[in-house]
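The values are calculated or read from the model by the stated rules, or taken from the named source; none is laboratory data. Owing to the predicted nature of the structure, the values given are computational and were not obtained by experimental measurement. Cβ: placed from backbone, ideal geometry, glycine included. Neighbour counts: every protein chain shown. Just the protein is used for accessible areas: all its heavy atoms, side chains included, with ligands, DNA and RNA removed. Shrake-Rupley method; radii C 1.70, N 1.55, O 1.52, S 1.80 Å.
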Amino acid sequence: MKKILYVAGEALPFASSGGLGDVIGSLPAALSAEGDNDIRVVMPLYAHIDDKYRSKFEYLGNRFVQLSWRSLYCGIFKYIHKGVTFYFLDNEFYFKRGSLYGEFDDGERFAFFCRAALEILPDIDFFPDILHAHDWHAALSVIYLKQCYAKTDDRYANIKAVFTIHNIQYQGQYGFDLLGDVFGLMAWDKEIVEYNNCINLLKGAIVCADAVTTVSPTYAKEILSPKFSHGLDNVLNNFSFKLSGILNGIDRDYYNPSKDKEIFANFSSRNTDGKQLCKSGLQKMLGLPERDVPMIAVISRLVSHKGLDLVMLAGDELMKQDVQFVVLGMGDKGYEDYFRSLSERYPDKCKALITYNRDLSKQIYSAADIFLMPSKSEPCGLAQMICSRYGTVPVIHETGGLYDSIKDIGNVGGGNGFTFAAYSAYEMLGSIYRAVTIYNEDREFFEKLRKKVMRVDFSWKQSARSYIELYKNLD
């Protein structure tokens, strides 16, 4: 039996800002189901965690955590969800905020979290075989483990560290004035975290970890090149022997069109009749004409690496087609303004919903016919898997996890979507037009394709087995 502690800044259903929350909310449960492993998760106790969960948390006690010159209160709460034990670390000064991330003192907030995640192990009587940290918010837990605790306390000495990069763009970069005063690191730790004349927490975790993973095999290869590495290719090439990629999955129970209470009608791959009711329900709700035309959806953070520059180049050309186009997301003001403008210019064809709303996203997934995901880079992507689960055929750019999960229907043996290799608006439109043409001219084939994509197994089962194998190889 392996004892594994996940350290992460978010997890569904408690607090989530995107794909990381999905992963931490479902992967530990999948690992637990695959064998006799003790999987636990530690995360911050954010103020906005829903009271339906928070009211059931068990208070275990508290301790004071030393972070440089600060002695900081840390309350410890416990809750079991889907057979997995979650620990929530309480400090209202750091976590009673309006958002998970993006605060001026994120470096200090998550330094406290990472230090506390290690400090509480005697309190919870759980010293894991594996500490598995996720993204830069948890990077210091790996650095602290190897540079501090393992060198001074035998109880920590045999803990192996795995670090997963969900998006290498976000690295936790800070000035050296924070090294001792905020992070509580020593002068001799400087070389571990130093990169390009600043502190780089992601780099430090890569150096210190026993294994480094990314969330798809193709992304693991891509980030070895300057095009995708955001400056860390030299480090990753030096430590490539640690690096591997394991494709994410989705929670098939949470994303289940046959039981989902948030959508307008239920349906399955055996009987997709409810799909049309979902479409007409969304059209009515959004004020779109209730017509049988291809509905194309984008559900995304509105940021540059999501390929939205291609959509901006092609938007007016796409609106010349007899289609409906629904966009859900928020992000950079330029993209938000563009989609608002497109919606205003084509009110019967386009609706821009500049918000983040998980229930609304499921209504769109279930209603649309075609899902557009033209990302410039995509470590894994979950939307292409979720839309498939809801019978919405993906159109993707061949990069990262999109390439690993979606193959073009023109491939020998058939595929599960429409893809384009060159990053260009012209190529993207070509793949969209192929999907639209098949929808309009060969509905029988499109419906078979719809049912096919719904049956693709994007569960965590295979990925969980790959993680278990990785953990075993660290012995």
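For region 221-264, enumerate the residues that are of a type in the set (A, V, I, L, M) and free of Cβ contacts under 8 Å to residues at least 60 places away in the same chain.
Narrowing region 221-264 to residues of a type in the set (A, V, I, L, M): 223-224, 232, 235-236, 243, 246-247, 250, 263.
Selection gives I223, L224, V235, L236, L243.
Only residues that are part of a helix (DSSP H, G or I) and more than 25 Å from H305 (Cα to Cα): list them for region 345-362, please. Give the steps one after another, and end with the answer.
Going residue by residue through region 345-362, those that are part of a helix (DSSP H, G or I) are 345, 358-362.
Listed by number, the list holds a single entry, R345.
Could you list, in sequence order, all residues of region 128-144 that are among the charged types (D, E, K, R) and more than 15 Å from T213 (Cβ to Cβ)? Of everything in region 128-144, just one residue is among the charged types (D, E, K, R) and more than 15 Å from T213 (Cβ to Cβ), namely D129.
One residue stands out among those in region 310-321 that are without any contact (Cβ under 8 Å) to a residue 60 or more places away in the chain and open to solvent by 10 Å² or more (accessible area, probe 1.4 Å): the one that is farthest from the chain's Cα centre (by Cα), which is K320.
A quick yes/no check of all residues on (1) surrounded by 13 or more Cβ atoms within 10 Å (Cβ to Cβ); (2) basic (K, R); (3) in contact with a strand residue (DSSP E or B) (Cβ under 8 Å, 6 or more places away or on another chain); (4) not in a helix (DSSP H, G or I):
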position: T419; (1), (2), (3), (4): yes, no, yes, yes
position: I438; (1), (2), (3), (4): yes, no, no, no
position: M454; (1), (2), (3), (4): yes, no, no, no
position: F458; (1), (2), (3), (4): yes, no, no, yes
position: Q462; (1), (2), (3), (4): yes, no, no, no
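Restricting D359, D369 to those that are of a type in the set (D, E, K, R) and in contact with a Phe, Trp or Tyr (Cβ under 9 Å, 6 or more places away or on another chain) reduces the list to D369.
Of the residues R54, R63, only one is under 19 Å from D125 (Cβ atoms), modelled with pLDDT of 95 or more and open to solvent by 40 Å² or more (accessible area, probe 1.4 Å); which? Don't jump to the end; show me each part of the working.
Numbers: R54 fails: under 19 Å from D125 (Cβ atoms).
Checking each option against the conditions leaves just R63.
For region 209-303, the helices (runs of 4 or more DSSP H) that sit wholly inside it and include 3 or more residues that are open to solvent by 30 Å² or more (accessible area, probe 1.4 Å) and within 15 Å of D369 (Cβ to Cβ) are 273-286.
Residue count for region 17-48, restricted to those that are open to solvent by 30 Å² or more (accessible area, probe 1.4 Å), closer than 20 Å to F110 by Cβ and of a type outside the set (A, V, I, L, M): 4.
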